[in-house]
There are 2 protein chains.
Amino acid sequence: MSLRELGIRAQAAARQLARTSSAERDAGLLAAADGLEAAVAPILEANATDVARAQRGGTSATVIDRLRLSPGRIESMAAGLRQVAGLPDPIGEILDGWRRPNGLRIQRVRVPLGVVAIIYENRPNVTSDAAGLCVKSANAAFLRGSSAAITSNTEIARVLRQGFAKSGLPEDALVLVEDTSRESATEFMRLRGLIDCLIPRGGPSLIAAILEHATVPYVIDGDGNCHVYVDAAADLDMALAIVVNAKTQRPSVCNAAESLLVHAAVAERFLPRAASALQGVQLVGDARAVAIVGPSRMGAATDEDFSQEFLDLKLSVAVVDDIDRAIDHIARHGSGHTEAIVTSDLAAANRFTAEVDAAAVVVNASTRFTDGEEFGFGAEIGISTQKLHARGPMGLRELTTYKYVVQGDGQIRT
Amino acid sequence: MSLRELGIRAQAAARQLARTSSAERDAGLLAAADGLEAAVAPILEANATDVARAQRGGTSATVIDRLRLSPGRIESMAAGLRQVAGLPDPIGEILDGWRRPNGLRIQRVRVPLGVVAIIYENRPNVTSDAAGLCVKSANAAFLRGSSAAITSNTEIARVLRQGFAKSGLPEDALVLVEDTSRESATEFMRLRGLIDCLIPRGGPSLIAAILEHATVPYVIDGDGNCHVYVDAAADLDMALAIVVNAKTQRPSVCNAAESLLVHAAVAERFLPRAASALQGVQLVGDARAVAIVGPSRMGAATDEDFSQEFLDLKLSVAVVDDIDRAIDHIARHGSGHTEAIVTSDLAAANRFTAEVDAAAVVVNASTRFTDGEEFGFGAEIGISTQKLHARGPMGLRELTTYKYVVQGDGQIRT
């Protein structure tokens, strides 16, 4: 089937889903979860094919680990669907409403986007997680995974679609693209009129391809070059705990800190302690930081180091003269994801949160909290670093739009 | 100055604007309004240059009328700035807020987008109107008008910038692009990192160029192929008034009706009355409509007629067997702008508003109400036909985004 035909199926399913009740969609998610548990054997068998192919192709052990499923991982996928089924339904919420002088009643009502497309890599669990969030929010999921996981994804999609159909939902609530060629990816992102929102989950080359080729609306899940700024008025013990946590608790994720800024007034006291606490973390700094920590522990940072998302145990460090310099540095190098200040000074906290332009500005806590679960959304489809539509963690609410419902009694415009 | 340099100036101004109070921005708008009134003579002189050039080039009278300024039109621009200054400030609104189990306090706060770019045609008043809305919402306005209006736009921008500067706002709160070449338009829509939101106000070729070339985020102000569906249970007098108003009150705008759908049960009674009331409107219909109205009054409609935004005194007409066919027809041909039903049947009204996917779904009123002023927004920068970010009329609120402000007491993630 052509991509366009697949899109038309997803669109038809989206129209059906928009008419379903929350209870019907939840039943579909639970049936799909049951289906996954009943299909552990065929899913593992399909996955073994993908893993064997990857091993033959010399794929790295880390990547193969992300690709590999286990009974426990399939159980987690099922549990994820059940958890999403238990979340409140975002659809139908009346965002606001008012009456006009001419008697028109206007309501702004939350509705599904329609067809949500997701391009993703490796992990086959995304097939189930993304479908769950889309169907919960009454959207059809139009999914394009990687060629490496195609056998697993195809089997998972078959099982989920069967579960949806069993409970009366359209099976095309989940449409998986089986052609994983590069040409098909480009065609996919140009299905304007069939895709209402595309969410790319992948590296910089995928984002670049979207910017260059996409004609469908999209939300960018981008880089996180996150900073921790230790202010002159910081509690240095707290700052130390936050910096260590933000950098090392899980360095490979987008809300990990990549850069440390320290006010000059506390740099001499703080930086040696930080360098010692950040065992195993490679440090690169500006001249003032290196002068304090010493060149044996800290290399010289280039301008590029300060703009880079290392996603690794590496941290760039700069000493700044005041909060203005910190805010300027972040404006110049930050990626608009998460920026934290450690301070006990109210004015500094207020200025930082007001003037730093990022999805999340954090006072006295780790950058690592910017995600859907930690924010209390129950689930997350990604973290937006753009300003339009959704900013920061994207949960069910961010998979919706609104429409105006206008009720009159024959009003005409004069 | 290069486009990139202009963008950097706008971005610097946006950072300054984000720190201003509502009172400071309102003062800037009032000073700009005073400036316009004091500069009627030089603005008219600049405009005369544009008008003379257009006349030499053989531009049509309609287009020249849109281009031409008068003391009254300049007065309206000033009045518009004063009116926007009087609107409530959207910035700083706390959209929601909650406390997490670990004690983190999370707030979602409305903030400016940053640099709002607008590409527009002819009418020089857009320079002032757009700058007013942007500055009110603490955004820098990065404007690119047409070559036809460049002398007028340059003079208006000079006056507004002077007004802003006089009251302490950055003059680069308004940056006008003076290079109106086609290459510069393409470069403009690729200033990723400098433009936070691009709003194109122009025809299909501009929209196509945006889809093809833009790498900056954008909101499409698209077509309105709006329908009026006259249900079996419609009050036919009301339906007649609504159809005539929706089609003829101002046929050249996007919220005018382009298509009439009539339930078969009332078509024989309604269509002859409608054909007679729609004096001067060219009618094209499907076979059933033509059979009722007669081929002398109604031509045969092609499939293309039903998908077209005529923006003129022309209406396509179809007879449908039931509300399902009406909803299907709209799903197939509509552009997602405004769709109206006339009915006294509650179930029909509920199904129509629930199942029709458009920015505005209207019961028993004219399609012509979908605009920012009629919705009570006080002002409008355009009408979005996309689903991401903003849908329907875009007022000040739609020129904003939000950030999460997270406050802790040293929380780290475990």
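Miscellaneous remarks
- Matching option when the condition is out of contact with any Phe, Trp or Tyr (no Cβ under 7 Å at 6 or more places or on another chain) and closer than 30 Å to residue B:332 by Cα, among A:260, A:211: A:211
- Listed by first and then second residue, the pairs linking a residue in the stretch B:400-414 that is more than 7 Å from chain A (Cβ to nearest Cβ) to a residue that is assigned to a strand (DSSP E or B), with Cβ atoms under 9 Å apart and 6 or more places separating them unless they lie on different chains, are B:400/B:110; B:400/B:111; B:400/B:112.
- Note on the stretch A:168-195: residues that are of a type in the set (S, T, N, Q) and more than 28 Å from residue B:332 (Cα to Cα) amount to 2.
- Out of A:123, A:82, A:110, one residue alone is in contact (Cβ under 8 Å) with a residue 24 or more places away in the chain, assigned to a helix (DSSP H, G or I) and surrounded by fewer than 24 Cβ atoms within 10 Å (Cβ to Cβ). It is A:82.
- Residue check, residue B:340 of a type in the set (A, V, I, L, M), surrounded by fewer than 24 Cβ atoms within 10 Å (Cβ to Cβ) and within 14 Å of another protein chain (Cβ to nearest Cβ): no
- Against the test of being more than 30 Å from residue B:390 (Cα to Cα) and assigned by TED's automatic domain parsing to the domain that holds residue A:403, the options A:168, A:97, A:145 yield a single qualifying residue, A:168.
- Taking the conditions (1) more than 10 Å from chain B (Cβ to nearest Cβ); (2) on the phi > 0 side of the Ramachandran plot in turn, residue A:389 satisfies each one other than (1).
- Test: residue in the stretch A:189-206 that is at pLDDT 95 or above and either farther than 24 Å from residue A:12 by Cβ or assigned to a helix (DSSP H, G or I) (or both): no
- The single residue among A:219, A:230 that is within 9 Å of chain B (Cβ to nearest Cβ) and at pLDDT 90 or above turns out to be A:219.
- Unique residue being over 29 Å from the mean Cα position of the chain (by Cα) and either more than 20 Å from residue A:366 (Cα to Cα) or in contact (Cβ under 8 Å) with a residue 24 or more places away in the chain (or both) when the list is A:324, A:312, A:328: A:324
- Applying the set (1) assigned to a loop (DSSP other than H, G, I, E, B); (2) within 14 Å of chain B (Cβ to nearest Cβ) to residue A:329 leaves exactly one unmet item: (1).
- Of the residues making up the stretch B:286-329, those that are surrounded by fewer than 22 Cβ atoms within 10 Å (Cβ to Cβ) and polar (S, T, N, Q) are B:296, B:302, B:307, B:308.
- Against the test of being at the interface with another protein chain (Cβ under 10 Å from one of its Cβ atoms), closer than 18 Å to residue A:400 by Cβ and not aromatic (Phe, Trp, Tyr), the options B:365, B:354 yield a single qualifying residue, B:354.
- Residue in the stretch A:274-284 that is within 14 Å of another protein chain (Cβ to nearest Cβ), surrounded by fewer than 16 Cβ atoms within 10 Å (Cβ to Cβ) and modelled with pLDDT of 95 or more present: yes
The values are calculated or read from the model by the stated rules, or taken from the named source; none is laboratory data. All of these numbers come straight from a predicted model, not from anything done at the bench. Virtual Cβ from ideal backbone geometry, glycine too; neighbours counted across all protein chains shown.
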